[in-house]
Amino acid sequence: MTCARIREHLPSLLDDRLATAAAREIRAHLAGCPDCEREFTTLSQTLIALDAMPAPTPSPRLRARVYAAIAAEQHALRNPVTSAEPAAPVARKPATRSGRSLWFWLVQPLAAAALLVLGFTLGNRSIPATAPVTLPSATPTTTPAAADAATQRELADLRKKVDSMSQLVGYSLLQQQSRSSNERLRGVLTSAAVEKPDDKTINDLIGALALDPSANVRLNALEALYPHADQEVVRAGVLTSLPREQSPLVQISMIDFLVASRDREATPALQKLSANPQADLNVREAAKRALTQL
Amino acid sequence: MFTAAPHIPVDSCSFAVNHPADDLVATVDTLAPTSDHELMLAVRGGELDALGELFERHHGPLFGFLVKLTGHRAAAEDIAQVVFERMLKYRHTYRDEGSFTAWMYHLARRCASDHFRKTNAAPHATDPVDLQHHADERPDAGETASTGDDHALLHTALARLDRDDREVLLLSRFQELSFAEIAGILECSVGAAKVRAHRALHSLRMVYLKLQKEPLT
Ligand SMILES: [Zn+2]
C-alpha cells in the first residue's frame with residue numbers, strides 16, 4: 001500500500017468497530033515510516049482530546065419541560081376530548097399507583113408537605129385542648145403569664161417542626177427529579193442502616209414514605225422507621241401518609257405500624273379507612289382490626 | 001432501518017465512553033434493572049412514566065452531543081426537549097427490534113436539521129464567552145490552563161468542520177452505537193458511514209493541528 005492508502009486506513013486502528021484485515025500490514029508500515037507514524041500519533045491525540053472534552057450539563061429547565069410534556073401527554077391519553085380515538089380503554093383503567101399522572105407527582109410533594117405541616121399544627125392544638133381535661137381540678141390556677149409562656153413554647157416547638165418539614169419539600173423535589181427508583185431505594189436503605197439517625201435522616205425517610213412514587217421504596221422507608229416509632233414526628237408522618245397511600249400492601253403495613261406504636265391519634269383515620277368503600281377489602285379489615293387493638 | 005446489528009465488544013477499546021446505564025446495574029436484587037428497549041416498549045404501550053427513566057439515563061450524553069453539534073447550549077437544550085417530545089409523539093413508530101439509543105440519535109439528527117433550517121444558519125463560530133463557560137464547568141477545579149486551552153481549540157476546530165463531518169464524528173464516538181446503527185441514523189450505507197467517519201477525523205485533525213500552531217487570539 002502507498003503512504004496515501006495507509007493514511008486513509010489509520011482511523012481503523014483506533015476503533016475496534018472498524019477493525020480491518022489490513023491492520024497488520026498498516027502497523028508494519030508505521031514501524032518503518034516516520035511520516036505515517038507521526039500522522040497516526042496526531043490522529044490518536046485528536047481523538048483523545050475529543051473524548052476528553054468536558055460534558056456540559058443542561059439547565060434544570062430541560063427536565064421540567066420534558067416532564068411537563070410527559071404529563072400533558074398522559075393527561076391527553078386519559079381524557080380523550082374528541083372522538084379521534086374512539087377505542088380508548090386506557091381511559092377506563094382504574095387509576096393505579098404506577099399509572100398515575102405525572103402531574104400528581106409534580107404537584108403532590110408540595111401539597112403533601114403542606115398537609116404534613118397542617119397535621120402538626122392540628123396535632124399541637126389538640127394537645128393543650130385535651131391536656132387540661134386529664135389534669136385533676138388544676139385549671140383555675142393557670143395564670144396569664146404561665147399560659148403565655150406555654151404558648152411561646154408551643155410556638156417554638158411548632159416552628160422547629162415546620163422547619164424540618166421544609167427540608168422534606170427539598171427532599172421530595174430532589175428525589176423525584178434527579179434519581180432513579182433504584183437510587184432512591186439505596187438512599188432509604190442507607191438511611192435505615194444509620195444507627196442513631198439525625199432529624200434529617202428521619203425526615204428523609206418520612207419524605208420517602210409520603211412521597212416516593214415507588215411502593216417498594218415506601219415500604220422500605222416504613223420498615224426503616226419502625227425503630228423510631230417512639231418519635232411523635234414519625235408517627236405523625238405515617239398517619240398523614242396513610243390516607244394518601246394507594247398500595248394496599250403499604251396501607252396494611254402502615255396500619256400495623258400504627259397499632260405497634262399504639263398511636264391513639266390514628267383512630268379517626270382508621271375509622272374513615274374502615275368505612276371507605278373505595279379501599280381494598282383487606283385494608284378495610286386491617287383497619288377494623290386495628291381499631292379494636294388500639 | 002435499525003435491524004439488529006452485529007455488535008463488536010468494545011470493552012478493550014481505549015476510547016470507550018461511559019455508558020450512562022452502567023451505574024444502574026449494581027442495585028438491590030429485588031429490583032430487576034429494565035433495559036432501555038423495554039422501557040421504550042412500555043412507553044409505546046402507554047406507560048408514559050417510563051420515558052422519565054429514559055430521560056434520566058440519556059439526556060446527559062444527548063445534550064453533550066447537541067452542544068458539540070450546534071455550538072450553542074441554548075439551542076442544544078431546545079433541541080433535546082424536542083427530541084423527547086417527539087419520542088412521545090412518535091412512540092408508536094418505535095420498533096420491536098429497535099435500539100433505543102440509535103432511535104434517539106436518529107430523532108436528534110432530524111430535530112437538529114429542523115433547527116438549522118429554521119434558524120437558517122450554520123452553527124456560529126465559537127463564542128469565547130461560551131467557551132470560558134465550558135472550561136469553568138469542569139468538575140476538577142485543579143485543571144491546568146493548557147488543558148482548558150486544548151478544549152477551547154478543539155471546540156473551535158469542531159465548529160469549523162462541515163456539519164455532516166461533525167455529526168458523523170460525534171456519533172462515531174458513542175461506542176454503544178454500532179456502525180450499522182450509525183449508518184441507520186445517517187441514512188446511508190455502513191461503508192459510507194465508515195468512510196465519512198474516517199474523513200471527518202482527518203479533517204478535525206488538520207484543523208486542530210493548524211489551530212495549535214496559531215492559537216486563538
Ligand atoms: Zn508511510
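So here's what we get for this one:
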quantity: Taking N as its residue count, the alpha carbon Rg of segment B:21-122 over 2.2 N^0.38 Å; calculated: 1.15
quantity: FRET efficiency for B:Arg163 and A:Arg78, using Cβ-Cβ distance with R0 set to 51 Å, rounded to 0.05; calculated: 0.80
quantity: Förster radius 25 Å - calculated FRET efficiency between B:Asp149 and B:Thr119, Cβ distance, rounded to 0.05; calculated: 0.30
quantity: Spin-label model distance (nm) - A:Lys272 vs A:Gln293, 7 Å beyond Cα toward Cβ; calculated: 2.2
quantity: For segment A:228-275, alpha-carbon Rg relative to the globular expectation (2.2 N^0.38 Å, N residues); calculated: 1.02
quantity: Förster radius 56 Å - calculated FRET efficiency between B:Asp96 and B:Leu209, Cβ distance, rounded to 0.05; calculated: 0.75
quantity: Cα-based Rg of segment B:149-201 normalised by 2.2 N^0.38 Å, two decimals; calculated: 1.17
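Every number here is computed from the coordinates shown, using simple stated rules; none is lab data. Note that the structure is predicted; figures quoted are calculated from it, not measured. Counting neighbours? That spans all protein chains shown, and the Cβs are built from the backbone with ideal geometry, glycine included.
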